[in-house]
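Trainee: One structure, pasted below without further comment.
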Amino acid sequence: MVSIEEAQRTILEHITPLETEKVSVFQGLNRVTPEDHIAPWDIPPADNSAMDGYAFSHADLTGNSLRVTGFLPAGEARTVPVPPSEAVKIMTGAPVPPGCDTVVPIEDVEDDGECIRLTSTVKARAHIRERGEDIRQGDVVIPAGALLRPQEIGMLSAMGTTSLAVFRRARVAILATGDELLEPGATPAPGKIINSNSYSLAAQVLDAGGDPVLLGIAPDTLDATCDKIRAGLNADILVITGGVSVGDRDFVKMAIEKLGGNVTFWKVNMKPGKPLAFAMLEEKPVFALPGNPVAAMVSFELFVRPSLLKAMGHRRVFRPKVKALLQEPASNKGKRPHLVRGIVATRDDRYHVSTTGNQSSGRLSSLIQGNGLIRLSPEARHALGDEVEVLLLDRAFELGCIGDGAA
Ligand code: AMP
Ligand code: MG
């Protein structure tokens with residue numbers, strides 16, 4: 001039996017980043033850049049006014065009056081110097097004209113139509129945004145490996161970028177296995193259940209920024225499983241659920257081996273989701289996850305999602321872990337670490353967590369109520385108020401923020 005971390009480490013060693021593709025700048029959102037982006041010019045490109053006001057030379061100010069002899073809106077640049085003791089009316093963003101070094105805001109003057117009187121003292125260089133104060137020409141503004149958020153998209157645009165290279169989205173083929181499965185839309189029949197794993201996994205792929213490809217259901221025969229797996233090798237990554245244990249009808253491991261894959265099969269020391277097989281087949285990573293709906297999703301979270309993110313160039317591939325205070329006693333009677341579905345909220349600047357109740361690995365509803373996974377060590381007994389480790393699954397948590405603190 002291997003630990004979660006050992007299995008993660010071994011799997012990630014096999015994952016290499018995919019190629020890059022060129023996209024228009026805002027299509028780069030949530031993608032990763034393979035290259036440094038260097039500022040081609042200073043931003044802002046010139047000293048400019050931070051306020052609607054009047055520009056003048058501070059050293060030449062005598063008294064507190066100035067004659068206004070010009071007007072400078074944003075979008076125009078004046079090359080003729082402003083004479084000493086004169087001011088020009090200047091709008092926010094307009095370049096500070098030669099001969100001026102200070103701006104007094106409109107709110108801080110009295111204006112009689114010809115002259116202004118400063119109603120309070122103004123420091124030299126006040127209300128001026130300096131050339132290059134945001135970005136200097138030659139700076140590496142966005143380094144290779146950066147995740148492009150809306151602010152990076154804005155900065156790239158300010159640097160004149162219209163299209164850029166990003167790691168491409170991974171195509172992830174998803175295969176369900178089992179004679180008991182019917183696709184959603186079919187009427188449940190005796191002995192049958194609906195294939196939900198294909199769809200929860202496809203949604204997890206989409207959520208991670210990947211591109212799911214549904215391969216449907218393989219019946220429990222070696223040949224059918226092989227055929228479907230072969231089809232899945234057109235994608236970048238193949239994810240299979242079910243048929244990976246040691247039952248009489250579990251053909252997944254055998255099928256991958258028959259096709260030439262070198263299967264690493266683990267009993268991962270975790271609950272839910274003990275059986276996990278990983279193989280490289282024709283240089284494509286293949287994951288065989290358990291069939292139980294909760295185990296499938298939790299295994300995806302722990303093993304497939306980080307791999308997918310690494311393939312798409314991400315540097316940060318793991319969800320954040322936090323310490324949270326238990327809102328109820330919780331124990332793990334078993335010998336494996338138990339990933340208990342939990343409801344996390346913040347209150348008084350602390351994370352608080354309660355469990356979602358019954359933790360049977362077939363109960364998808366336990367994941368619906370939850371937004372985190374509480375890690376309970378083997379044979380751990382925790383009292384109310386104990387601190388436990390929680391993996392935050394909701395995106396709202398990724399930046400450490402959370403809603404209503406209702407726990
Ligand atoms: P298996 O790992 O194939 O033995 O499946 C374990 C359990 O998960 C069984 O109860 C299956 O019916 C169930 N299961 C397997 N695949 C799916 C699926 N695609 N959707 C929902 N439940 C499934
Ligand atoms: Mg099965």
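The values are calculated or read from the model by the stated rules, or taken from the named source; none is laboratory data. As the structure is a prediction and not an experimental result, all values here were calculated from the model. For neighbour counting, all protein chains shown are included, and Cβ atoms are generated from backbone atoms with ideal geometry for every residue, glycine included. Surface areas here come from the heavy atoms of the whole protein model, side chains and all, with no ligands, DNA or RNA. Shrake-Rupley method; radii C 1.70, N 1.55, O 1.52, S 1.80 Å.
Trainee: Which of the residues spanning the range 233-258 are away from ligand 2 (no atom under 16 Å from the Cβ) and open to solvent by 40 Å² or more (accessible area, probe 1.4 Å)?
Mentor: Answer for the range 233-258, where residues must be away from ligand 2 (no atom under 16 Å from the Cβ) and open to solvent by 40 Å² or more (accessible area, probe 1.4 Å): Asn234, Glu257, Lys258.
Trainee: Also: Residues of the range 289-307 being part of a helix (DSSP H, G or I), within 16 Å of ligand 2 (Cβ to nearest atom) and open to solvent by less than 20 Å² (accessible area, probe 1.4 Å), which ones?
Mentor: As a first pass, look at the range 289-307 and keep what is part of a helix (DSSP H, G or I): 293-307.
Right, trim to within 16 Å of ligand 2 (Cβ to nearest atom) and you get 293-296, 299.
Scanning the range 289-307 gives Val294, Ala295, Ala296, Ser299.
Trainee: Return the pairs, sorted by first residue and then second, in which the second residue is of a type in the set (Lys, Arg), the first residue lies in the range 21-43 and is within 14 Å of Leu147 (Cβ to Cβ), the beta carbons are less than 8 Å apart, and the residues are 6+ apart or on different chains.
Mentor: Matching pairs, first to second residue: Leu29/Arg149; Asn30/Arg149; Arg31/Arg169; Val32/Arg315.
Trainee: Let me ask another. When you go through (1) outside the structural domain of Ala218 (by TED's automatic domain parsing); (2) surrounded by 13 or more Cβ atoms within 10 Å (Cβ to Cβ) one by one for Gly154, which number turns out not to apply?
Mentor: Here Gly154 clears every test but (2).
Trainee: Where the second residue is modelled with pLDDT of 95 or more and exposed (fewer than 15 other Cβ atoms within 10 Å of the Cβ) and the first is part of a loop (DSSP other than H, G, I, E, B) and among the acidic types (Asp, Glu) and lies in the range 124-153, which pairs have Cβ atoms under 8 Å and are six or more apart or on separate chains?
Mentor: Close Cβ pairs satisfying both conditions: Asp139/Ile38.
Trainee: Could you list, in sequence order, the residues of the range 220-249 that are within 12 Å of ligand 1 (Cβ to nearest atom) and either touching a residue at least 12 places away in the same chain (Cβ under 8 Å) or closer than 19 Å to Phe278 by Cα (or both)?
Mentor: The answer is Asp220, Thr225, Val239, Ile240, Thr241, Gly242, Gly243, Val244, Ser245, Val246, Gly247, Arg249.
Trainee: Among the numbered criteria (1) more than 13 Å from ligand 2 (Cβ to nearest atom); (2) in a loop (DSSP other than H, G, I, E, B); (3) not β-branched (Val, Ile, Thr), which single criterion is violated by Arg230?
Mentor: (2)
Trainee: Which of (1) within 15 Å of ligand 1 (Cβ to nearest atom); (2) open to solvent by less than 30 Å² (accessible area, probe 1.4 Å); (3) in contact (Cβ under 8 Å) with a residue 40 or more places away in the chain does Ile217 not meet, given it meets every other one?
Mentor: Failing condition for Ile217: (2).
Trainee: Among the residues of the range 1-47, how many are surrounded by 15 or more Cβ atoms within 10 Å (Cβ to Cβ) and in a strand (DSSP E or B)?
Mentor: Residues that pass the stated criteria total 6.
Trainee: Something else about it: Yes or no: Leu276 within 16 Å of ligand 2 (Cβ to nearest atom), within 15 Å of Val2 (Cβ to Cβ) and either in contact (Cβ under 8 Å) with a residue 24 or more places away in the chain or assigned to a strand (DSSP E or B) (or both)?
Mentor: Numbers: within 16 Å of ligand 2 (Cβ to nearest atom): yes; within 15 Å of Val2 (Cβ to Cβ): yes; either in contact (Cβ under 8 Å) with a residue 24 or more places away in the chain or assigned to a strand (DSSP E or B) (or both): yes.
Yes.
Trainee: Yes or no: Ala345 part of a strand (DSSP E or B), farther than 30 Å from Arg249 by Cα and at pLDDT below 95?
Mentor: Values: part of a strand (DSSP E or B): yes; farther than 30 Å from Arg249 by Cα: yes; at pLDDT below 95: yes.
Criteria met by Ala345.
Trainee: Answer yes or no as to whether Gln369 is farther than 21 Å from Ile229 by Cβ and within 16 Å of ligand 1 (Cβ to nearest atom). Explain how you work it out, then say what you get.
Mentor: Working: farther than 21 Å from Ile229 by Cβ: yes; within 16 Å of ligand 1 (Cβ to nearest atom): no.
In short, no.
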